[in-house]
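Each remark here refers to the structure printed beneath this line.
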């Protein structure tokens, strides 16, 4: 990113500059991530970031925002502001106003990160492309990503929500040119009550946006000026699909042009993301006819249906997160294998009144998928344990589950690990991995 002076930053955030007028080449709210030349933003959460101002300056930050009257060290600066988070958003808005490229916003119940990474992977082959790091998809993450926005042709940003009104607030800061809805399914219903509430929140991203790309079945609910659709019907539609343990082959009709794809990633997630990529690629006048060759080398983000083979053992690591739709997709992938199937399942969070029945359904889906051994973690997952008919063990702590997995026979088995991030089932996947790599 291009540098900006401390004096200019003070003007942007309506703050008071204390110290030298130095150049800033980046922004960060985590002092542990300071590399040198950044402005440190002290946010208030479980701890007050003001406690780390001194540490950030010692690590190489050239300056920091502060809500308190402090004296800057030699060759450093501080900017006194009323509210550090509001100032952070002011910087983000300034960078967005000065961005000349095209901004693509992505939300949905499933597939946000995979779609974001696929768009970045494909588009960057043709033009300079920027995207949010990790899963920085809330207001803090968006402020960070926008503040560090470099000159580029395309900017891809995922947006998350778990309460009404969040998408609207994020959209007002991001001001997207293209809005993408990956899929709307049961998720966060503790806050949204039912699927209608989820749809309303997700589709609010399309209101007032020039163009939106949405599943065909949501076309009439989109509120953008122009709507492009994808799915089994629509402008970009799936005409053939075949799953196997070794990957997925599928065909797409995109605005009348036929494309054939093959990916080593099993399941529907990459297929859905590819339909979106083709639609957005066409809108951006990219040569989407080259996407099929590029897709064969794409790898989804860590913990999203990542298939790893260790001799006769297959690990399907889908531990990043879980809701009813993503669990169903993961079990469909598991069902493709002829080996003995083991399902390690953690709780699905924020489902409210629907939680008990949706967890019961997981046990039923595991039966239908041919699972022979089910390991469940947490109080909510006990309902899946109860409806499952094969061999099963339930655990109330992650530590006890990990200890069990350390002694679990793995030969000639395929093991699916799936649960909400809160469960930390990535540690279970890590335990299985270490048994073969240590």
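The values are calculated or read from the model by the stated rules, or taken from the named source; none is laboratory data. Please read these numbers as outputs of a predicted model, since none were measured by experiment. Heads up, the Cβs are rebuilt from the backbone with ideal geometry, glycines too, and the neighbour counts pull from every protein chain shown.
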Exercise for the section: Test residue 124 against the stated conditions and say whether it is farther than 30 Å from residue 232 by Cβ, modelled with pLDDT of 95 or more and touching a strand residue (DSSP E or B) at 6+ places or on another chain (Cβ under 9 Å). Expected result: no
Exercise for the section: Check residue 16 against each of (1) more than 30 Å from residue 153 (Cβ to Cβ); (2) at pLDDT below 95 and name the one condition it does not meet. Expected result: (2)
Problem - Subset of segment 293-333 [over 23 Å from the mean Cα position of the chain (by Cα) and either closer than 19 Å to residue 251 by Cβ or in contact (Cβ under 8 Å) with a residue 24 or more places away in the chain (or both)] - result: 293, 310, 311, 312, 313, 314
Practice task
Run down 106, 140 and say which single residue is crowded, with 17+ Cβ neighbours inside 10 Å and within 23 Å of residue 181 (Cα to Cα).
Solution key: 106
Exercise for the section: Output yes when any residue across segment 369-381 is more than 22 Å from residue 302 (Cβ to Cβ), at pLDDT 95 or above and part of a helix (DSSP H, G or I), and no when none is. Expected result: no
Exercise for the section: Determine if segment 223-234 includes at least one residue that is under 22 Å from the mean Cα position of the chain (by Cα) and surrounded by 21 or more Cβ atoms within 10 Å (Cβ to Cβ). Expected result: yes
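Collect the residues in segment 26-48 that are under 20 Å from residue 140 (Cα atoms) and touching a strand residue (DSSP E or B) at 6+ places or on another chain (Cβ under 7 Å), keeping them in residue-number order.
Matches in segment 26-48: 26, 27, 28, 31, 34, 38, 39, 40, 41, 42.
Among 205, 238, which is crowded, with 19+ Cβ neighbours inside 10 Å, in the same structural domain as residue 173 (by TED's automatic domain parsing) and in contact (Cβ under 8 Å) with a residue 12 or more places away in the chain?
205
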Fill in the blank from the handout: Selection over segment 255-272 where residues are closer than 23 Å to residue 299 by Cβ and assigned to a strand (DSSP E or B) yields a count of 5
Practice task
Would you be able to say whether some residue in segment 344-364 is at positive phi and in a helix (DSSP H, G or I)?
Solution key: yes
Exercise for the section: For residues that are out of contact with any strand residue (DSSP E or B) (no Cβ under 7 Å at 6 or more places or on another chain) and part of a strand (DSSP E or B), scanning just segment 292-333, find the one that is surrounded by the most Cβ atoms within 10 Å (Cβ to Cβ). Expected result: 310
Completion exercise
Filtering helices (runs of 4 or more DSSP H) wholly in segment 145-246 for at least 2 residues that are at pLDDT 95 or above gives 166-174
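Out of 284, 336, I need the residue that is surrounded by fewer than 21 Cβ atoms within 10 Å (Cβ to Cβ), touching a residue at least 12 places away in the same chain (Cβ under 8 Å) and not assigned by TED's automatic domain parsing to the domain that holds residue 370. Which one? Lay out the reasoning, then the answer.
Working: 336 fails: not assigned by TED's automatic domain parsing to the domain that holds residue 370.
Criteria check complete, one pass: 284.
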Problem - Matching residues, segment 403-438, being closer than 29 Å to residue 357 by Cβ, part of a helix (DSSP H, G or I) and at pLDDT 95 or above - result: 404, 405, 426, 427, 428, 429
Practice task
Having 2 or more residues that are surrounded by fewer than 22 Cβ atoms within 10 Å (Cβ to Cβ) and either on the phi > 0 side of the Ramachandran plot or not assigned by TED's automatic domain parsing to the domain that holds residue 146 (or both) is the bar; report the strands (runs of 3 or more DSSP E) wholly within segment 1-95 that clear it.
Solution key: 16-19, 26-28
